[in-house]
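No value in this document is a laboratory result; all are computed from the given coordinates. This structure is a prediction, so every number in the text was calculated from the model and none was measured. Here the Cβ positions follow ideal geometry from the backbone for every residue, glycine too, while neighbour counts run over all protein chains shown.
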Amino acid sequence: MVHEETRTGPTQAPAVRGLALAADTVSAPFLLGLSGAVFAWGYDGLAFGLGLGAGILLLQLLVAPFVPQMGAASVPELFAVRYGGTAPRTLAAVAVVLSMGTLLVAQLMAAGLVTARLLGLEIGAAIAIAGAALLLNFVLRGMAAATWVRAIVFLLMLLALLAPTVQLSAEWYGLPLPQIAYGSALSQIQGLEETLLEQDLADPAVMKPMLTPFVSLDPLNFLGIVLGLSLGLAALPNMLSRSFMGASARAARWSAVWALLFALVLLSAAPALAAYAKLSVLKLVAAHTDLAHLPAWLFAYGRLGLVRICGAAATDAASVAKACAALPDASAILRLQDLTLSPDMITLAAPQITGLGPATFGLVAAAVLAAALVTAHGPLMALVGAFGCDQSDRSRLAPLAVGAGALIVAGLLAATHPASILDVATWAFTIAAAGLFPALVVGLWWRRASAPAAVIAMILGLGVALHYLVATRYLSVGFFETWQSLSSAGPTAREIFGELKDAWLAAARGPARDAAWTALDAHAQDIANWWGIGNLATILIALPVGLAAMILVSLAWPHKRAPETAS
Amino acid sequence: MASNAHRSDGAQPRGRSRRFPFLALLAWVFFVLVVPWAVQSLNIVDVIGFPLGFFMAAQGSLIALLLVAVLSARLRDRIGAAEDR
């Protein structure tokens, strides 16, 4: 069943392969999240789009030259060919399962969000429906999503971002070229941000000016996200096995060039959509909107838990009024600091935020849903392949069981909403970068890279990355206490941590203790780090470890036989 | 690139088209890591209504990467002609 695509592969033109590769690169989580990142973080949010584009070039430069010799159908098989033995293969399979499983969680979160919005369901039920649709697709069509299907889906994804942005660019600035027209929106945003501050409608302590760099992320973490996404993409298992299968080296590199071109159009439209949404939200606040007359879209997304006003989920006008009246500095008018929009919702909600018609919303939602259902095939297929199911063509039961199991686990995780969709997708790329990139790329380019080195690099890279990813986010209090001396926290932040901890220890059991823990945990997440490296920039720690292990162990413990793949 | 001078003589097709892409990676590092890092000094200049630093991170660097990809692919086509069958 996997080999369906191998058979049709060579007939595809590089441009069609490029479209398919671009669809796999961007995929539904990033389609939903990219605009949201720029909306929430301004300049700093551009790190995600830049990382994806940079990854396609890395894929072309570092991996594509070896395509003709990659008879291997999956990354674990490739490791078996290059290094021999079972240990490199097994470890690669573990890395594939972890990274692709995480990507599948992000895919299900994206599909669930769109389904919930379209059918008016709760998120949990919507994720179950989306997961069932994926499973049905998997059962009916087997594991391969044909190249041309993914090519068409990429065109739909492009449409989802271009339909609203072209319309708005033409309406607002008379220039239907969003990539150029939104420059005017940016300067309007700057002006409005100043006006809001002057009129006391925004709080200078929490406002993040869109054009000011390094407000949400410092340069180090910005570069960490770019590196994590680009290295992860170059090593991402579904890229290797699907988009280049059956291609010559020449076809592979031109597919990557086309993919970069198509991705460029999409990635550069995402900030435009973010700017238009931001401008509309700022205008809403600048119009002195009464809390009793909020637009309906706020409640539509508030009911999904994506909009918070005055610290409470915006489910209806009455609850908003109640939450805002309870604030110490209560106001009857919406202020910028009262309004929190989840980055997850921006792409989907942009047509309504900017006042476009329901037709545009329908188009965007349909495109995102199609993208989620089709691009989720890649991780699912790589995951099933990693369990060694792809050779057992005789019985379809084993791959089905593995696929269904993976979908159920991923669906349960997605329903807990572990973090924003973009964060989860970034984790998936980071795990691939930490676990696979050093062993894959050093192994391809350096004849002396040895199997023991690959094994040690994968264990250390994966181990460090997983520990850092999980501990800084979910065990942050313990992490900070263990690694206090390495944290970048200043004396004030350390003092606050001590006070919050004392408050938690002193609190009586029950809601008071829970609230104290929430405050302590939230604060600890900001300061639980090594040298100021944040959760999303984990690759900055894992990559040096993996590369050093690869090089030092290879020198100390050379390989016995000359590997075929090195030059 | 220097390898331009002696192209596809077929003597060592593998070594030629498999040369480690130092220059292209250098360009990658410049546009992906250095330019976004230097955003504050770039923002002093404006291009087509954007501060230059923002423009580069949003699309300028990606356009530059596309150029690097095209140049590198053409170069490799030339020096690796013997290898692709």
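Write out the trypsin sites (Lys or Arg not before Pro) in the range A:478-567 meeting two conditions: DSSP loop, and at most 12 other Cβ atoms within 10 Å of their Cβ.
Hits after loop and neighbour filter: A:509, A:560, A:561.
Could you work out, residue by residue across A:442-449, how many beta carbons of other chains sit within 10 Å of that residue's beta carbon, and then give the average as an integer?
1
Within the range A:332-369, what residues put their amide N at less than 17 Å from the label point 7 Å along the Cα-to-Cβ vector of residue A:149?
A:367-369
Is there a simple number for the mean count of other chain Cβ atoms within 10 Å of the Cβ of residues in A:172-179, and what is it?
Per residue, the average neighbour count from other chains is 1.
Would you please give the FRET efficiency between residue A:139 and residue A:459, computed as 1/(1 + (r/R0)^6) with r the Cβ-Cβ distance and R0 = 30 Å, to the nearest 0.05?
Working: r = 36 Å, r/R0 = 1.19.
The computed FRET efficiency comes out at 0.25.
What is the distance in Å between the Cα centroid of the range A:348-384 and that of the range A:485-548?
Between the Cα centre of the range A:348-384 and that of the range A:485-548, the gap is 35 Å.
Calculate, for residue A:512 and residue A:325, the FRET efficiency according to 1/(1 + (r/R0)^6) with r their C-beta to C-beta distance and R0 22 Å; round to the nearest 0.05. Write down the numbers at each step before the final one.
Values: r = 23 Å, r/R0 = 1.04.
The computed FRET efficiency comes out at 0.45.
Where in chain A lies the longest segment free of GluC sites (Glu not before Pro) that are both loop residues by DSSP (not H, G, I, E, B) and have at most 16 other Cβ atoms within 10 Å?
A:123-563
When the Kirkwood radius is taken over all Cα pairs of the range B:21-79, what Stokes-Einstein diffusion coefficient follows at 20 °C and 1.002 mPa s, in µm²/s?
176 µm²/s
Using every Cα-Cα pair within the protein assembly as shown, state what percent have a distance larger than 45 Å.
18 percent
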